[in-house]
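The values are calculated or read from the model by the stated rules, or taken from the named source; none is laboratory data. It should be emphasised that the depicted structure is a prediction, and the values quoted were computed from it without experimental measurement. Note that we place each Cβ from the backbone using ideal geometry, even for glycine, and neighbour counts take in every protein chain shown. Note: accessible area is taken over every heavy atom of the protein model, side chains too, but ligands, DNA and RNA are not part of it. Shrake-Rupley method; radii C 1.70, N 1.55, O 1.52, S 1.80 Å.
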Amino acid sequence: MIPVISIQDKTIASFIFGQEINLSTFQLVTAFDQFINKNCKRYIIETVPSYHMVTVFFNRTISSDLLTKEILAMWEKYPVGNALNTTKQITIPVCYEEPFALDLDRVSKEINLSKEQIIEKHCEPLYTVFFIGFLPGFPYLGGLQKDLYIPRLEIPRKNVQKGSVGIGGQQTGIYPVDSPGGWNIIGKTPIDLFNVKRKHPFLLQAGNQLKFEKISKEQFDELEQQLSKDSEYVFELLKMN
């Protein structure tokens, strides 16, 4: 697919692959981001991929010839299928019980599903990390079932605890640190997605795939205690390299 180009500044352009949030668009964005960093490094300072586009910061004034004749000509020949990084599959334990499920009762009423049905539907998909943003390590996940779509809170909370698992619109995500936020909180994980004390501070990266697994409050407390003693234990627990 040839992207639509939007020039925002003399040295900034966005390469847009449609408007939908889905896996196929994510794959194109990922492939294009890898392609331009690999093949056009002499032209660029950095790239910023998002759901449906890649914004490129060039080190020179952009010309139409540069964009269309050189970059897009090379992109048409790029093997997109070999560019994806979705090899890591991670299972994130989540407790959907009180006091963590702040909005589960209300969400249940608004979308007309029982709490058990919501938990089951939330744990069923294999999600893809489309990108990391908003907060250090915050994963924007694609794959939420349509039955669980619900608007964000009209008035965001002043503080959402790290590890809180929420739904907002057609997305689900995990708060990596304490933060203001407007997502509907349905559970919490004891896993630190971001920890500066670890050798690798960020747990997830774009392209990773994950599932949620329901755990009890007792299991949550046990895992939290183990992780507080050894921050690196998370990689052994999740079987990550």
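Using only the Cα atoms of region 120-183, build the gyration tensor, take square roots of its eigenvalues as a ≥ b ≥ c, and label the shape rounded, prolate or oblate: rounded if a/c is under 1.5, else prolate if a/b is larger than b/c, else oblate.
Values: a/c = 1.97, a/b = 1.32, b/c = 1.49.
Verdict is oblate for region 120-183.
Exceeding 32 Å between C-alpha atoms, which entries from my cross-link table qualify? They are LYS162/LYS239; LYS77/LYS162; LYS121/LYS199; LYS88/LYS214. List each step's numbers first, then the result.
Values: LYS162/LYS239 22 Å; LYS77/LYS162 43 Å; LYS121/LYS199 34 Å; LYS88/LYS214 20 Å.
LYS77/LYS162; LYS121/LYS199, as the Cα separations exceed 32 Å there.
Using Cα springs under 10 Å in a Gaussian network model of the chain, which residue among VAL129, VAL29, VAL80 shows the largest mean-square fluctuation?
VAL80
Restricting everything to alpha-carbon atoms, can you work out Rg to Rh for region 123-241 with a Kirkwood hydrodynamic radius? Each step should come with its number before you reach the end.
On the way: Rg = 14.0 Å, Rh = 14.8 Å.
Rounded to two decimals, Rg/Rh equals 0.94.
Which percent of the accessible heavy-atom area of region 4-76 goes to carbon and sulfur, probe 1.4 angstrom? Mind dumping the intermediate values first?
Values: 2000 of 3770 Å².
C and S fraction of accessible area: 53 percent.
So what's the angle, to the nearest 10 degrees on a 0 to 90 scale, between helix 23-39 and the longest Cα principal axis of the chain?
Helix 23-39 sits roughly 50 degrees off the main axis of the chain.
Only Lys, Arg, Asp and Glu count, each charged at its Cβ (+1, +1, -1, -1), so figure out the dipole size of the chain about its Cα centre, rounded to 20 debye.
Values: 26 positive and 27 negative charges, 155 e Å.
It works out to roughly 740 debye.
Residue by residue through region 219-226, which ³J(HN,Hα) values in whole Hz follow from phi under the Karplus form 6.51 cos²θ - 1.76 cosθ + 1.60 (θ = phi - 60°), with glycine and proline marked x?
5, 4, 4, 5, 5, 4, 5, 4
Loop sites only, by DSSP: take the GluC sites (Glu not before Pro) in the chain that have at most 16 other C-beta atoms within 10 Å and name the longest stretch containing none of them.
Values: sites that count: GLU20, GLU154, GLU232.
Looking at the chain, 21-153 is the longest stretch - no exposed GluC sites (Glu not before Pro) with at most 16 other Cβ atoms within 10 Å.
Taking only DSSP H segments of four or more residues, each worth -39500 (n - 2.57), what value at 222 nm results for the chain once the sum is divided by all its residues, to the nearest 500 deg cm²/dmol? Display every interim value, and only then the final one.
Values: 6 runs with 57 residues, N = 241.
Dividing the helical sum by the residues of the chain leaves -7000 deg cm²/dmol.
Could you order ARG60, ARG198 so the one with the most accessible surface comes first? Probe is 1.4 Å.
Numbers: ARG60 105, ARG198 10 Å².
Ranking ARG60, ARG198 by accessible area, largest first, yields ARG60, ARG198.
Kindly provide the Kirkwood hydrodynamic radius of the chain in Å, to one decimal, from all pairs of distinct alpha carbon atoms. Intermediate results must be reported in sequence, preceding the final value.
Working: mean 1/r = 0.0516 Å⁻¹.
Answer for the chain: a Kirkwood hydrodynamic radius of 19.4 Å.
Can you give the log10 of the normalised intensity I(q)/I(0) at q = 0.19, 0.22 Å⁻¹, computed with Debye over equal Cα scatterers of region 4-76?
Normalising to I(0) and taking log10 leaves -0.71, -0.96.
For a quick check of understanding: with a 1.4 angstrom probe and all protein chains in place, what accessible area in square angstrom does LEU237 have, to the nearest ten?
Here the residue's solvent-accessible area equals roughly 50 Å².
Rounded to the nearest 20 debye, what is the charge dipole size of region 4-76 about its Cα centre when +1 sits on each Lys and Arg Cβ and -1 on each Asp and Glu Cβ?
Numbers: 6 positive and 7 negative charges, 53 e Å.
That gives a dipole near 260 debye.
Work out from phi, with θ = phi - 60° and the Karplus expression 6.51 cos²θ - 1.76 cosθ + 1.60, the ³J(HN,Hα) of each residue of region 127-141, listed in order in whole Hz, and give x for Gly and Pro.
Those phi angles translate into 7, 10, 6, 6, 6, 10, x, 6, 9, x, x, 6, x, 8, 9 Hz.
Considering the options PRO99, SER6, PRO190, tell which one lies farthest towards the positive end of the dipole of the chain, charges being +1 on Lys and Arg and -1 on Asp and Glu at the Cβ, about the Cα centre.
SER6
Please report the net charge: other residues with Cβ closer than 13 Å to the Cβ of GLN219, K and R +1, D and E -1. Let's see the in-between values first.
Working: positive: LYS188, LYS214, LYS217; negative: GLU97, GLU213, GLU218, ASP221, GLU222, GLU224.
Cβ neighbours under 13 Å give a net charge of -3.
Would you mind getting the accessible area per residue of region 140-194, heavy atoms of the protein chains only, 1.4 Å probe, in Å²?
Numbers: 2180 Å² over 55 residues.
That works out to 40 Å² for each residue.
Anyone know which of SER108, SER64, SER216 comes out most mobile in the 10 Å Cα GNM of the chain?
With Cα springs under 10 Å in the chain, the top fluctuation among SER108, SER64, SER216 is at SER64.
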